[in-house]
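Scroll down for the structure; my scribbles are underneath it.
The values are calculated or read from the model by the stated rules, or taken from the named source; none is laboratory data. Everything numeric in this text was worked out from a predicted model, so none of it was measured. No Cβ is skipped: glycine too gets one built from the backbone with ideal geometry, and neighbour counts run over all protein chains shown. Keep in mind that these areas ignore ligands, DNA and RNA; they rest on the heavy atoms of the full protein, side chains included. Shrake-Rupley method; radii C 1.70, N 1.55, O 1.52, S 1.80 Å.
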Amino acid sequence: MKKPSIKAAGLKKPSLPEIKKPSFDGLSGGSRTGRSLLAAVAVLGVVFGIAELRPPADPSTAGAPGGATTAQVERSTLVCPPPIQGLFATTDLTLYDPAGGKAEGGTASLFDVAPPAGATAKPSGGGSAQPSGSPSAGPSGSASSKPSGSASAKPSAGAPAAPAAGARLTLAKPGVPVTGHGLAGDTAPGTVATAEGAFAPGFGLSQTTTYLDQARAGLYGLDCAPSGTDFWFAGASTAQGRDDYVNLVNADSAPATVDIRLVGAKGAIDVEAGNGITMAPGSSQRVRLKSLLTTAVEPDLAVHVVVRDGRVGAALNVSDEGKGGDWVAASAAPAAVQVLPGLPAELASARLIVAAPADDDADLKIQISGKNGWFTPAGKESLHVKAGMVAALDLGPFEHSEAGAIRLSPSDPAHPTPVVAAVRVDRANNGKADAAWISAAGPIGKRAGLADNRGGGATTLYLTATGSAAAKVRLTASAGTGGGTPATKEVDVPAGVTVVVQNLEPAGLNGVYGITAETVSGGPVVAARMLALPQKDVPMFTVQAFRDDRSTVTVPYAQNDPGLVLR
């Protein structure tokens, strides 16, 4: 295996005179500490795309020698699956980055996923193509440009960014989102957005589709995420009327090999066609779950996407005939305690789906957070999930109820078992319905954001303090894509309580806007956004959790090393 170098990772040579040849040994005179620090830098560069080394930080600002300092992310890449297609489908893609980054210059652009120059993308493996015009109709054709996150020149901070060649959308400046409206019949195999410099910290990308076909009408929303190697999705199904697809996108320049594993009520399901799916660079696949299960019908499934080689973006697209559909984001990694934020009020039904990937059974306590704190729903106090299996529980209608969040925790704290979870929630109006899937999510951390928000009461926020401490959260609504004055509001969230925030939008809003949530004190806090856009009496809605934007990372400070840190 070729030895990685600073040049290969895109790192600049340190301006320290005593370091003439930046190499693994040269950075620290061959010391173990130096090699460990550079290894950490290399890992951060791969994971977060950070591509610059700077002179040593002042130990007084980094804590005690041997402690750590924080560094601002300088590159971020997000991947969206191919948009839902069909005569009645309209998709919006929105880029957003909050203002306030310390770096200067940079770019942020959205591109069609495409194979590298000279390559052909002919993915093979399990699954089947879906018919044109369905909510998950597959792509045909490829994009004309290679994804690239850099423009020809770096503008000064606050100046309009120069559009990168082949970019579909380009952010002009932090704090003002940009959106592509009416992307109907799109044939690109997914999209990839890259942000650098001042645009990287907090960079977000949303994909929202309004689908008006009578059989599967609904609002399909997704907060696009980085590529990865391991994803869990709960809430899939092959029941009658359901049509679910695993969407895979390889936006990297190297091929990928993927396994799709299914878990049902009786344990792991043998799906030979889901093993060894090969994906060329710049390609995508949509794998229909019913094509993997040719005979059995599974009403409740968990999907485990494991990437053997390379990295991919992954999302689950679900639709239920006559009842709506949505994108399903990956669940938080298996953990003994899971929180599902953003449970709307006035629900026709709610169905909880939980998988226990471990070798032990999980006995879970179910709690719901409302305006007065955590409570246990009558008759729905617990759920037993057998090892390596899936269990589901109908929580019933939530008529005349308040919004909240669901917390799953071990019934016996001495016996914690990791689980993954999602809840399907349905809203109905005059015999018409739509559904949304809420996956388990982590806290917002220091800051989190969502790109595509609409005015006129369409956006509702849910904040839940999950621990024993109250929290204060600062919410900021950005300027709109076509204008508006940003608005900020600080919200007190008592411990165990879900606070609902409505009508937070910029004054004079024109277009769509971004929302940033920052933990000011206390916590931890989970947060979600419901976007409701009723169409022709269909109560269309979708719910996305706020995800920690990881705009900064912790970098070790090594007392005996030259003191190189990332910023």
**Request:** From the P(r) of segment 378-513, can you give the percent of Cα pairs sitting at distances over 18 Å?
**Result:** 68
**Request:** Would you mind computing, in nm to one decimal, how far apart the modelled labels at residue 212 and residue 412 are, each placed 7 Å from Cα along Cα→Cβ?
**Result:** 5.7
**Complete:** Dividing the mean separation of Cα pairs under 8 Å (6+ apart) by the residue count of segment 335-449 yields a relative contact order in percent of 41
**Whole-number D in µm²/s for segment 286-339 (Stokes-Einstein; Kirkwood sum over Cα pairs; 25 °C, 0.890 mPa s)** = 177
**Prompt:** Is there a pair in 173/489; 446/536; 173/472; 371/446 whose C-alpha atoms are over 32 Å apart, and which pairs would that be?
**Reply:** 446/536
**Volume in Å³ per residue [convex hull over Cα atoms, computed for segment 253-306]** = 77
**Complete:** Output row, site residue 402, 7 Å Cα→C-beta label point, backbone N cut-off 19 Å, window segment 462-504, residues 462-473, 491-503
**Item:** Calculated on alpha-carbon atoms, Rg and Dmax of segment 238-379 in Å
**Value:** 17.3, 52
**Request:** Could you look at segment 326-471 and say what percent of its accessible area is carbon and sulfur, using a 1.4 Å probe and all protein chains?
**Result:** 51
**residue 259-residue 181 pseudo-label distance in nm [points 7 Å out on the Cα-to-Cβ vector]** = 4.7
**Request:** Taking H placed 1.01 Å from N in the peptide plane, check which residues at least 5 places from residue 346 or on another chain put their amide H under 5 Å from its amide H.
**Result:** 400, 401
**Prompt:** What size of dipole, in debye to the nearest 20, comes out for segment 236-395 about its Cα centre when the only charges are +1 on Lys and Arg C-beta atoms and -1 on Asp and Glu C-beta atoms?
**Reply:** 200
**Prompt:** What is the packing order of peptides 447-457, 370-380, taking the mean over residues of other C-beta atoms within 10 Å and listing the highest first?
**Reply:** 447-457, 370-380
**Request:** Given the peptides 402-414, 239-251, arrange them by the average over their residues of other C-beta atoms within 10 Å, most packed first.
**Result:** 239-251, 402-414
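Can you give the FRET efficiency for residue 295 and residue 554, using 1/(1 + (r/R0)^6), R0 = 45 Å, r = Cβ-Cβ distance, to the nearest 0.05?
0.35
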**Request:** At 7 Å along the Cα-to-beta-carbon direction for both residue 430 and residue 536, put a label point, then send me their distance in nm to one decimal.
**Result:** 1.3
**Asked** For segment 242-342, what is the accessible area per residue in Å² when the probe is 1.4 Å?
**Response** 33
**Request:** Apply the Karplus parameterisation 6.51 cos²θ - 1.76 cosθ + 1.60, with θ equal to phi minus 60°, to every residue of segment 229-244 and state each ³J(HN,Hα) to the nearest whole Hz, in sequence, with x for glycine and proline.
**Result:** 10, 8, 9, 10, 10, 10, x, 6, 6, 10, 5, 4, x, 8, 9, 10
**Item:** Counted charge near residue 177, where neighbours are those whose Cβ lies closer than 15 Å (Asp, Glu -1; Lys, Arg +1)
**Value:** -2
**Fill in**
Too long for a 20 Å Cα-Cα cut-off, among 365/386; 380/432; 323/365, are 380/432; 323/365
**Item:** Net charge of Cβ neighbours under 12 Å - reference residue 474; Lys, Arg +1; Asp, Glu -1
**Value:** +1
**Fill in**
Summed over the other residues with a beta carbon less than 14 angstrom from that of residue 417, with K and R at +1 and D and E at -1, the charge totals -3
